[in-house]
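Novice: Just passing along the structure, written as structure tokens.
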Amino acid sequence: MSNFSRLPAPLADLWEWQYQGACRDLDTEQFFHPEGERGGTRKRRDDAAKAICAQCPVITQCREYALAAQEPYGVWGGLSAEERREIIRASQEVPQRRSA
């Protein structure tokens, strides 16, 4: 009898959550800014994307993926690229020990 416990899990199981994403059938331009977009225009686009994310049934899985993969662009799991970078940076900081 074969031992299947050592085999990797099917990849589809790792990504199936994406089929349930609120963004699945939407234009990616709503979640990824064009080159050079800045200021209020970028904030409004990010806010609109985050509003879609807020209603998404898989926001947690999406956010966990984006943080683990360190996605460098776009709004994922309700977080902008800048917000994700800050979370990752903060998680990598080593707390300073206080001297007595």
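The values are calculated or read from the model by the stated rules, or taken from the named source; none is laboratory data. Predicted model only: the values in this text are computed from it and were never measured. Methodologically, a virtual Cβ is constructed for each residue, glycine included, from the backbone with ideal geometry; neighbour enumeration extends over all protein chains shown.
Novice: Only one of (1) modelled with pLDDT of 95 or more; (2) exposed (fewer than 15 other Cβ atoms within 10 Å of the Cβ) is not met by ALA12, so which one is it?
Specialist: (1)
Novice: Filter segment 44-79 down to residues that are surrounded by fewer than 18 Cβ atoms within 10 Å (Cβ to Cβ) and small (Gly, Ala, Ser) and give me whichever is nearest to GLN20 (Cα to Cα).
Specialist: ALA54
Novice: Could you say whether any residue in segment 33-48 is within 20 Å of TRP15 (Cβ to Cβ) and assigned to a loop (DSSP other than H, G, I, E, B)?
Specialist: no
Novice: Filter segment 15-55 for residues that are under 15 Å from the mean Cα position of the chain (by Cα) and of a type in the set (Lys, Arg); which is modelled with the highest pLDDT?
Specialist: Only one residue fits best here, namely LYS50.
Novice: Moving on to the next point. When ASP25 is evaluated against the numbered criteria (1) out of contact with any helix residue (DSSP H, G or I) (no Cβ under 6 Å at 6 or more places or on another chain); (2) surrounded by 14 or more Cβ atoms within 10 Å (Cβ to Cβ); (3) not in a helix (DSSP H, G or I); (4) not basic (Lys, Arg), which criterion, by number, is the only one it fails?
Specialist: (2)
Novice: For segment 69-100, enumerate the residues that are part of a loop (DSSP other than H, G, I, E, B), at pLDDT 95 or above and aliphatic (A, V, I, L, M).
Specialist: Hit for segment 69-100 is VAL75, nothing else.
Novice: State which residue pairs qualify: first residue free of Cβ contacts under 8 Å to residues at least 40 places away in the same chain and inside segment 45-66, second residue assigned to a helix (DSSP H, G or I) and basic (Lys, Arg) in any location, beta carbons under 8 Å apart, and separation of 6 or more residues or different chains.
Specialist: ALA66/ARG84
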